[in-house]
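Colleague: After the structure tokens below, expect a handful of questions from me.
The values are calculated or read from the model by the stated rules, or taken from the named source; none is laboratory data. This is a predicted model, so every value here is computed, not measured. So basically every Cβ, Gly included, is an ideal-geometry build from the backbone, and we count neighbours across all protein chains shown.
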Amino acid sequence: MKQIVFVIFLGCFSITGIAQKLNLKDAVDIALKNSLDIQVTKNFTEIAAVNNYIGIAGGLPIVTGAATDNYGINGVNQKLNTGQVIKREGSSANNLSGNITGSILLYNGSRVVATKKRLEQLLLQSKDSLNANVLSVMASVMTAYFDIIRQQGYMKTIDLAIDVSKKKLEIVKTQQTVGLANNAELFQAQVDLNNLILSQQSQQLIVDQAKAELLRLMTLNADSSIVVEDTIIVDNAIRLEDVMVRLSSNPNMLYADEQIRINQLLIKEISAQRYPTVRASTGYTYSGNNASAGQLLLNQSYGPFLGLSINIPIYNGSIYRRQQKIAEINSRTAGIYKDMLVRDYRADIVKTYRAYAVTLQQLESQQKNYQLAQQLQQLVLQRFQFRQATIVDVAQAQQSFITAAYSLVNYSFVAKSAEIELKRVSNQLTL
């Protein structure tokens, strides 16, 4: 039933053309389902799961079968020690042989064990890569979603400013009819209104572009119609110490840890090549030769066999030793890469958290400024109506309100973006 509802929900975007209301959870769910990056990473994870098998590591028996049948027409010229001479042209001969052989590895310096563990680490690494992609998609979608809310917040501010400008224009027209206002005030009021209408049109374009970006992240048609109605609520309980502690659970950090273990296991695999390899084999063989002429007309042999082989590497130009040194260097390099990752993450966390903390403080102060600017605009408009304030005073009060409203919305978005990033790096990003 959930899948049916989901398909119907997606169909509404492309079939009906009607604007559909979209909330954050739906946006993230659709993006995770449709993300091409996640689909590619899932394929790599499936490959790693298939490879994570003891047979790939060489730990299972190997069974092979072979058969050969050669038929020929040959000339025979034989002289036996008894003095008998056999000479014949165009004699037929048939050689038939076949075998089935099974072998199993008994010892190779624990190379199979190291290879199997490496395949397990590769699977875990693929899963962590998938988790990192999921977090990245979620963070991108959430940021784009709240950016739409921010741009719509700017639009609401412009709409309020237009309402005030319309009232101002009405007041000027009324005052002009009784001789209390001149054409300069009328023209200025009309110009202010026209400029705000132009700003409204420009802002609508920005809102549409923000929606197109969200639709792109959701892998939907960019011209689909969506409606986003939400508010920006910032979690103000994030602590820097908690983020630093949980950094170790970040999928990219786990990926780096697994790369170190993979390189360490490669050292063991290469080192195992310097040890003897012992393999046991058994099977059944058949060989049969028959000819129409010659001393031996029929020769058949068949039966089971059992064998043990030992392959001892003695000298190969120090290839294995050099390969092991290279693997050890790669392991140290993986450790350095992890240290670099930790360094960069810690620095980014500190910078992001400082921006988050400062923005929260600014947000609290800006809420008060917004309320004061709103009250100031209403007061100046009332005074203007009674000719106790000039049209310039109204314009300044309007500009103060617009600036305060823009800043309030922007601080909310900046704080929310920082919150999303801090939760992403600490693997705590949830809806």
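Colleague: Among the listed residues GLY75, GLY102, GLY98, GLY90, which satisfies the condition of being in a strand (DSSP E or B), out of contact with any helix residue (DSSP H, G or I) (no Cβ under 6 Å at 6 or more places or on another chain) and closer than 23 Å to THR277 by Cβ?
Modeller: Details: GLY75 fails: closer than 23 Å to THR277 by Cβ; GLY98 fails: closer than 23 Å to THR277 by Cβ; GLY90 fails: closer than 23 Å to THR277 by Cβ.
None of the others qualify; the one that does is GLY102.
Colleague: Name the residue that is nearest to the chain's Cα centre (by Cα), counting only residues in the stretch 22-75 that are of a type in the set (Gly, Ala, Ser) and closer than 30 Å to VAL228 by Cα.
Modeller: Checked the stretch 22-75; the qualifying residue nearest to the chain's Cα centre (by Cα) is SER35.
Colleague: So which pairs qualify, if the first residue must be in the stretch 251-274 and under 27 Å from LEU130 (Cβ atoms) and touching a residue at least 60 places away in the same chain (Cβ under 8 Å), the second must be of a type outside the set (Ser, Thr, Tyr) and not in a helix (DSSP H, G or I), the Cβ gap must be under 8 Å, and the two must be at least 6 apart or on different chains?
Modeller: PRO251/ASN427
Colleague: Let me ask another. What are the pairs with Cβ atoms under 6 angstrom where one residue, in the stretch 315-340, is charged (D, E, K, R) and at pLDDT 95 or above and the other, located anywhere, is surrounded by 13 or more Cβ atoms within 10 Å (Cβ to Cβ) and not in a loop (DSSP other than H, G, I, E, B)? Sequence gap at least six, or different chains.
Modeller: Going by the 6 Å Cβ cut-off, the qualifying pairs are GLU328/ILE267; LYS338/ALA256.
Colleague: Select from the stretch 104-119 the residues that are of a type in the set (Val, Ile, Thr) and either touching a Pro at 6+ places or on another chain (Cβ under 7 Å) or surrounded by fewer than 16 Cβ atoms within 10 Å (Cβ to Cβ) (or both) and list them in ascending order. Break it down into steps so the answer makes sense when it comes.
Modeller: Of all residues in the stretch 104-119, those of a type in the set (Val, Ile, Thr) come to 104, 112-113, 115.
Selection gives ILE104 alone.
Colleague: Scan (1) modelled with pLDDT of 95 or more; (2) in contact with a helix residue (DSSP H, G or I) (Cβ under 8 Å, 6 or more places away or on another chain); (3) not polar (S, T, N, Q) for the single condition LYS351 breaks and write down its number.
Modeller: With (1) modelled with pLDDT of 95 or more; (2) in contact with a helix residue (DSSP H, G or I) (Cβ under 8 Å, 6 or more places away or on another chain); (3) not polar (S, T, N, Q) applied to LYS351, the lone miss is (2).
Colleague: List every residue pair whose Cβ atoms lie under 9 Å apart, where the two residues are 6 or more positions apart in sequence or sit on different chains, the first residue falls within the stretch 180-199 and is of a type outside the set (Asp, Glu), and the second residue, located anywhere, is loosely packed, with under 12 Cβ neighbours inside 10 Å and not in a helix (DSSP H, G or I).
Modeller: From residues that are of a type outside the set (Asp, Glu), the pairs are LEU180/ARG387; ALA181/ARG387.
Colleague: Here's something else I'd like to know. Being loosely packed, with under 14 Cβ neighbours inside 10 Å and either under 18 Å from ASP393 (Cβ atoms) or in contact with a strand residue (DSSP E or B) (Cβ under 8 Å, 6 or more places away or on another chain) (or both) is the filter here, so list the residues in the stretch 175-199 that pass it. Walk me through it before giving the result.
Modeller: To start, the set of residues in the stretch 175-199 that are loosely packed, with under 14 Cβ neighbours inside 10 Å comprises 177-180, 182-184, 187, 191, 194-195, 197-198.
Across the stretch 175-199, the qualifying residues are LEU180, ASN182, ALA184, PHE187, VAL191, ASN195.
Colleague: Could you check, for the stretch 160-168, whether at least one of its residues is in a strand (DSSP E or B), over 25 Å from ASN427 (Cα atoms) and either within 52 Å of the chain's Cα centre (by Cα) or small (Gly, Ala, Ser) (or both)?
Modeller: Pass one, the stretch 160-168, residues in a strand (DSSP E or B): none.
No, the stretch 160-168 contains no residue that is in a strand (DSSP E or B), over 25 Å from ASN427 (Cα atoms) and either within 52 Å of the chain's Cα centre (by Cα) or small (Gly, Ala, Ser) (or both).
Matching residues to (1) closer than 30 Å to LYS127 by Cα; (2) at pLDDT below 90; (3) out of contact with any helix residue (DSSP H, G or I) (no Cβ under 6 Å at 6 or more places or on another chain); (4) not polar (S, T, N, Q):
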| position | (1), (2), (3), (4) |
| --- | --- |
| MET1 | yes, yes, yes, yes |
| PHE13 | no, yes, yes, yes |
| THR16 | no, yes, yes, no |
| LYS33 | yes, no, yes, yes |
| GLY58 | yes, no, no, yes |
| THR64 | no, no, yes, no |
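Colleague: Please tell me if ALA210 is without any contact (Cβ under 8 Å) to a residue 24 or more places away in the chain and either part of a loop (DSSP other than H, G, I, E, B) or surrounded by 14 or more Cβ atoms within 10 Å (Cβ to Cβ) (or both). Break it down stepwise before answering.
Modeller: Working: without any contact (Cβ under 8 Å) to a residue 24 or more places away in the chain: no; either part of a loop (DSSP other than H, G, I, E, B) or surrounded by 14 or more Cβ atoms within 10 Å (Cβ to Cβ) (or both): yes.
When the stated conditions are applied, ALA210 does not pass them.
Results for (1) of a type in the set (Val, Ile, Thr); (2) surrounded by fewer than 22 Cβ atoms within 10 Å (Cβ to Cβ); (3) in contact with a Gly (Cβ under 6 Å, 6 or more places away or on another chain), shown as yes or no for each residue.
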| site | (1), (2), (3) |
| --- | --- |
| GLN375 | no, yes, no |
| GLN378 | no, yes, no |
| THR390 | yes, yes, no |
| GLN396 | no, yes, no |
| ILE402 | yes, yes, no |
| TYR411 | no, no, no |
| SER426 | no, yes, no |
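Colleague: Every residue in the stretch 269-296 that is part of a strand (DSSP E or B), polar (S, T, N, Q) and closer than 26 Å to GLY72 by Cβ, please. Before the answer, list the steps.
Modeller: Restricting attention to the stretch 269-296, the residues satisfying the condition of being part of a strand (DSSP E or B) are 277-291.
Now restrict to residues that are polar (S, T, N, Q): 277, 281-282, 285, 287, 289-290.
Matches in the stretch 269-296: THR285, SER287, ASN289, ASN290.
Colleague: Starting from residues that are within 25 Å of the chain's Cα centre (by Cα) and hydrophobic (A, V, I, L, M, F, W, C), keep the ones in the stretch 239-259 and report whichever is surrounded by the most Cβ atoms within 10 Å (Cβ to Cβ).
Modeller: Residues of the stretch 239-259 within 25 Å of the chain's Cα centre (by Cα): 242-259.
From what's left, hydrophobic (A, V, I, L, M, F, W, C): 243-245, 247, 253-254, 256.
Numbers: VAL243: 22, MET244: 16, VAL245: 11, LEU247: 18, MET253: 20, LEU254: 19, ALA256: 20.
Across the stretch 239-259, the extreme among qualifying residues is VAL243.
Colleague: Still on this model: Against the conditions (1) touching a residue at least 24 places away in the same chain (Cβ under 8 Å); (2) part of a strand (DSSP E or B), where does LEU122 fall short? Just the number, please.
Modeller: All conditions pass for LEU122, except number (2).
Colleague: Could you check the stretch 298-323 and list, in sequence order, the residues that are outside any strand (DSSP E or B) and surrounded by 12 or more Cβ atoms within 10 Å (Cβ to Cβ)? Write out each step before concluding.
Modeller: Start the filter on the stretch 298-323 by keeping residues that are outside any strand (DSSP E or B), which leaves 312-323.
If the condition is that a residue be outside any strand (DSSP E or B) and surrounded by 12 or more Cβ atoms within 10 Å (Cβ to Cβ), then PRO313, ILE319, TYR320, ARG321, GLN323 are the ones that fit.
Colleague: Of all residues in the stretch 19-28, count the ones that are surrounded by fewer than 18 Cβ atoms within 10 Å (Cβ to Cβ) and either closer than 15 Å to SER140 by Cβ or of a type in the set (Phe, Trp, Tyr) (or both).
Modeller: 1
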